[in-house]
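The values are calculated or read from the model by the stated rules, or taken from the named source; none is laboratory data. Please read these numbers as outputs of a predicted model, since none were measured by experiment. With ideal geometry, Cβ positions are generated from the backbone for all residues, glycine too; neighbour counts draw on all protein chains shown.
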Amino acid sequence: MKTSNFTPIGSLRPFGGVIPNERIIMETVSLNINGEQHAVLVEKNYTLLYVLREMLNITGPKEGCSTGDCGTCKVLIDGQAKNACTTLAIRCEDKEIVTIEGIAINGDLHPLQTSFVKKGAVQCGFCTPGMIISAKALLDENEKPSREEVRQALDNNLCRCTGYVKIVDAIEDAAAKMRGENHE
Amino acid sequence: MNKDLSLVGTSQPIYDAYNKVTGKACYTGDMRLPHMLYGKLVLSTEAHAKVLSIDTTEAMKVPGVKAIATPFNTPNKKYNSALRFIDHDIPRTESVFSETVRFVGDRVCAVAAIDRKTAEKAALLIKVEYEPLPSLLTIEDALTDGAVQLHEEVANRLNSIKNEVGDVEEGFAKADQIFEDEYQTSIVSPMALENHVSIADYDDQGRLTVYSSTQNAFSVRNILSDVFEMPQSKVRVVKPTLGGAFGSKIPAVLEGPAAALSMMTHRPVRIDLTRKENLIASRTRHGSIVRLKTGVMNDGRIVAQTYDVLTNTGAYVGSAYNVVGAMSHKVFKTYNIPNMRYVGTPVLTNLPIAGAQRGYGSPQAIFAQQRQLHQIAKRLNIDIVELQKKNLVRPEDVDIQQVGNPRPYDCMVRGMTLFDWEKKLLWKKNQKNKNDGDLKKEQTESNRTKRRGIGFAIGCHGNGVFGAHRDFIALRLKMNDDGTFVLESGTHDMGNSLITSQMMLVAEVLKTDLDDIHVVEADTDHTPWNLGDYSSRGVFVTGGGCLKVAGKMKEQILDLAAEMMQASRSDLMLAPGKNVVDKNGRIVSFQDILIYSHSVHQRDILAQTTYASQAGRTSFGAHFAQVEVDITTGEVDILDYAAVHDVGQVINLLSLEGQLEGGIQMGLGYGLSEEMTFDEKGSLINNNLKKYKMFKASQMPEIKIDFIEEGESPGPYGGKSIGECATVPVAPAIINAVADALDYDFHAIPVKPECIKKIND
């Protein structure tokens, strides 16, 4: 069986359905992920999540829903927390993409990461990368959010294990550390 | 409880927390094996139909497609995905792929291709020809005379499970009043954030290795070896990091299809489900109809009670009997009712397969139980607290050997204080006593449409499956060359700190640091047999096993130390830091002892044991809620929430709190917003996470929690479970509060905004 990507058999529309005998068009996109450049060959409809997980083996961002509703795929794009599952890869050229793998700097954990560990905000961990990304985007904007504001910032991040309680605790704890208030 | 403990009772992060916060933790879906293929399932679009043909010609032409597995080219041996042990006698109605599909989402066939995009393209080109059959989408449909029989082997109305104590007819005859109510609970999704995923790797030695998001490696091995007729020496099942389960990952779901494709291609094949697929093609929580008849004396004593339960078990038998069977014990645990009868009957329908979900029948039955109790209090004009007091089981009422140390009463009393029940009740009473004029004066624009209410509920759940069938775990503890340890434990941690608890228990016994113990999780090649991680057996059974195996290791250490030090055994003690010390202060380290054993005796230091559950014990919890309901929008705002659980002895405080908080999130959704709704064709209408409404962070109340630690022997250090019990009291507590706010009797959950708005209209 031939394994060429360019035989004109059909091509998938973004939301299902096959167009027979249409040539598959692929283009190169250069992605800056966690400070490294990656050149990838993608179809127009490839999501950033697909490229990260299936093509580049960057598996920190997870696929919980594919519809932008659960937040497990969140990454920072130019500092904003975005769902990689609803972001097209070709639109990401020239953007700074940071995944959970890029949150620790030179092996030093971000205060959010240590707070999540210490405050028990991690159970199964599947929502954790997305939660930390959303939390980082929040704390980079607002250094002293109220508990209400933290909850609102997590409106697009679902968790089934923690009831969100210790996640909110951890974000508050990290915010205090980042303000220089917590000396543990 | 026990002040001599150094680790047990402390707060410890989950053992792999650091890997999880950096993205390094490797879940099944993150694994990449050499030459791995991607598998895509084709699911039925019919609720009930014969598959006449599957045309794969076009699909096979797509470059990169390696194999297509169908019911016609794979083993069709029937199995039960919820099989718990090799001789478990439960009806077998499932197959790897279905020649007759019985629900929208049933497995028709699967494609293996070089990457996901190719597999998806090919799957869309497969043409399935169905011959539709009549379909049954509700319990009522399935029980109608002349309804089509969904399986050859069994009737749609499966056998009933019964349990009885005393004489209910006599009891009802004595009762001053009898209340009969019917309650309905919806079909919901366990909704673990990680979708089901399995990787099957069939190598050229004929050995099948399966990495799977499972709670049940040994059962999966049993099923695979049976269906594919392979000796178990050729089948290995491994559990990687698991992204939540809540029971949905107990049954074998994707392992069979993945194995079939791997055997056809001799390459590893990974199949995962998208969320849309997972909602229908994994497992749901049984919907239920509960008919509750309760006979009471005018002073509130319950003298007789019967439960008649019908569960909607979906298209295949699966866990049907397990769930009604579990329910058949749980309803008896909380109260001193002398005459009771339970009858639970699962019913097959053409809907997604119902399976295990946190609470396993208790959320359904206890919702009815606690809802009705609340209403009975109103009907008898008795304070609900007094009514509970009159009937709650106390430790002195029961045979401690048989039943243990049940503390629902303590939970209620402590919870009332934590929640400030009396103060809130008084406020309500005062509001009631105010005349309309005064009330109108208090009303503002914003609170005119708001109604406040309070409610509580007491729930229970078990600790393993003692009494139902075998309940044991085998464990092996090995000393490393430097005196640290590896525990081979066959456990499936799903974020619930099972592993961390085991580390804490072993380290407690051996007086080491947590980091001195490494635990190997379920791998049928490398860990001894474990029943599976469900039924909340992790602390009570597996934990008990950890104490036993650590105790055996301690004996070996002390025996060797006595020999080494030429001391009397009774003069020796374990000391922190992996040491043994004698009464004169002489110290030898575990490493010294290991070297001694290796060099002098050429004998390794390892301890192995099997631990069977010693007793059936019950965990309890009391949950309190205060709500403010907007009668025009139907929105329920939770103003205050408190939960107190009877756990015997806290093992890992951080995890215990986290489990309870998570259980509350699940229960709130169960009560107020979660529901799987199907159209007339049996398709799931709310098939994504926009439309399937789980509680978000902004909807959760601040929660006050506490624990009752009065010990539960023979739990490890007196500990017992919270995992499932955490979610049982939630829905009835919140609905009792909403019912109080609206002065309305609810009989079904979820109570969505639309329901509340209808009442107002």
In the range A:56-73, anything among the charged types (D, E, K, R) and surrounded by 24 or more Cβ atoms within 10 Å (Cβ to Cβ) is listed as A:Lys62, A:Glu63
So, first residue over 19 Å from B:Ala354 (Cα atoms) in the range B:667-678, second residue assigned to a strand (DSSP E or B) and among the hydroxyl-bearing types (Ser, Thr, Tyr), Cβ within less than 9 Å, six or more apart or across chains; the pairs are B:Leu668/B:Tyr641
If we keep only residues of the range B:572-599 that are surrounded by 15 or more Cβ atoms within 10 Å (Cβ to Cβ) and of a type outside the set (A, V, I, L, M, F, W, C), then the residue farthest from B:Tyr409 (Cα to Cα) is B:Tyr596
Inside the range B:249-281, the number of residues satisfying the requirement of being in a loop (DSSP other than H, G, I, E, B) and surrounded by fewer than 24 Cβ atoms within 10 Å (Cβ to Cβ) is 4
Of B:Val309, B:Val220, B:Val210, B:Val290, the only residue that is under 24 Å from the mean Cα position of the chain (by Cα), free of Cβ contacts under 8 Å to residues at least 60 places away in the same chain and more than 26 Å from B:Gly105 (Cα to Cα) is B:Val309
Being more than 14 Å from chain A (Cβ to nearest Cβ), surrounded by fewer than 23 Cβ atoms within 10 Å (Cβ to Cβ) and either of a type in the set (A, V, I, L, M, F, W, C) or in contact with an Asp or Glu (Cβ under 6 Å, 6 or more places away or on another chain) (or both) is the requirement here; does B:Pro75 meet it? no
Subset of the range B:655-709, residues closer than 23 Å to B:Met416 by Cβ and of a type in the set (Gly, Ala, Ser), comes to B:Gly663, B:Gly667, B:Gly671
Worksheet item: Going by the conditions given, is B:Phe246 in contact (Cβ under 8 Å) with a residue 40 or more places away in the chain, buried (at least 24 other Cβ atoms within 10 Å of the Cβ) and either among the basic types (Lys, Arg) or touching a Pro at 6+ places or on another chain (Cβ under 7 Å) (or both)?
Response: yes
Within the range B:45-62, the residues that are buried (at least 18 other Cβ atoms within 10 Å of the Cβ), in contact with a Phe, Trp or Tyr (Cβ under 9 Å, 6 or more places away or on another chain) and over 17 Å from B:Ala260 (Cβ atoms) are B:Glu46, B:Ala47, B:His48, B:Ala49
ask   = Taking B:Val197, is it aliphatic (A, V, I, L, M), within 14 Å of chain A (Cβ to nearest Cβ), within 30 Å of B:Val751 (Cβ to Cβ) and crowded, with 21+ Cβ neighbours inside 10 Å?
value = no
Within the range B:672-693, the residues that are more than 25 Å from B:Gln369 (Cβ to Cβ) and either within 10 Å of another protein chain (Cβ to nearest Cβ) or in contact with a helix residue (DSSP H, G or I) (Cβ under 8 Å, 6 or more places away or on another chain) (or both) are B:Leu684, B:Asn687, B:Asn688, B:Leu689, B:Lys690, B:Lys691, B:Tyr692, B:Lys693
Reported set for the range B:521-544 where residues are farther than 26 Å from B:Gly663 by Cα and not aromatic (Phe, Trp, Tyr) is B:Asp523, B:Thr524, B:Asp525, B:His526, B:Thr527, B:Pro528
For the structure I just gave you, tell me whether B:Glu628 is in a loop (DSSP other than H, G, I, E, B), away from chain A (no Cβ under 14 Å) and surrounded by fewer than 21 Cβ atoms within 10 Å (Cβ to Cβ). no
Looking across the range B:695-734 at residues that are touching a Lys or Arg at 6+ places or on another chain (Cβ under 6 Å), more than 11 Å from every other protein chain (Cβ to nearest Cβ) and surrounded by 20 or more Cβ atoms within 10 Å (Cβ to Cβ), the single one that is farthest from B:Gly462 (Cα to Cα) is B:Pro732
For the range B:676-686, the count of residues that are assigned to a loop (DSSP other than H, G, I, E, B) and buried (at least 20 other Cβ atoms within 10 Å of the Cβ) equals 2
Among strands (runs of 3 or more DSSP E) completely within the range B:434-530, the ones holding 3 or more residues that are in contact (Cβ under 8 Å) with a residue 40 or more places away in the chain are B:450-462, B:472-479, B:485-488
Subset of the range B:8-18, residues surrounded by fewer than 20 Cβ atoms within 10 Å (Cβ to Cβ) and either away from chain A (no Cβ under 11 Å) or without any contact (Cβ under 8 Å) to a residue 60 or more places away in the chain (or both), comes to B:Thr10, B:Tyr18
Answer yes or no: is there a residue in the range B:600-607 that is part of a strand (DSSP E or B) and either more than 10 Å from every other protein chain (Cβ to nearest Cβ) or surrounded by fewer than 24 Cβ atoms within 10 Å (Cβ to Cβ) (or both).
-> yes
Taking the range B:78-113 and keeping only residues that are within 14 Å of chain A (Cβ to nearest Cβ) and in contact with a Ser or Thr (Cβ under 6 Å, 6 or more places away or on another chain), one is left with B:Ala112
(message) Could you go through the range A:105-118 and let me know if any residue there is at pLDDT below 95 and hydrophobic (A, V, I, L, M, F, W, C).
(response) yes
Across the range B:140-150, the tally of residues that are more than 20 Å from B:Ile289 (Cβ to Cβ) and crowded, with 18+ Cβ neighbours inside 10 Å stands at 0
Residue hits (the range A:129-171; acidic (Asp, Glu) and either in a loop (DSSP other than H, G, I, E, B) or surrounded by 19 or more Cβ atoms within 10 Å (Cβ to Cβ) (or both)) are A:Glu143, A:Asp155, A:Asp169
Scanning the range B:631-667 for residues that are within 19 Å of B:Lys752 (Cα to Cα) and among the aliphatic types (A, V, I, L, M), the one farthest from the other protein chains (Cβ to nearest Cβ) turns out to be B:Ile631
Handout entry: Flag if B:Asp745 is within 25 Å of B:Ser362 (Cβ to Cβ), modelled with pLDDT of 95 or more and not in a helix (DSSP H, G or I)
Key = yes
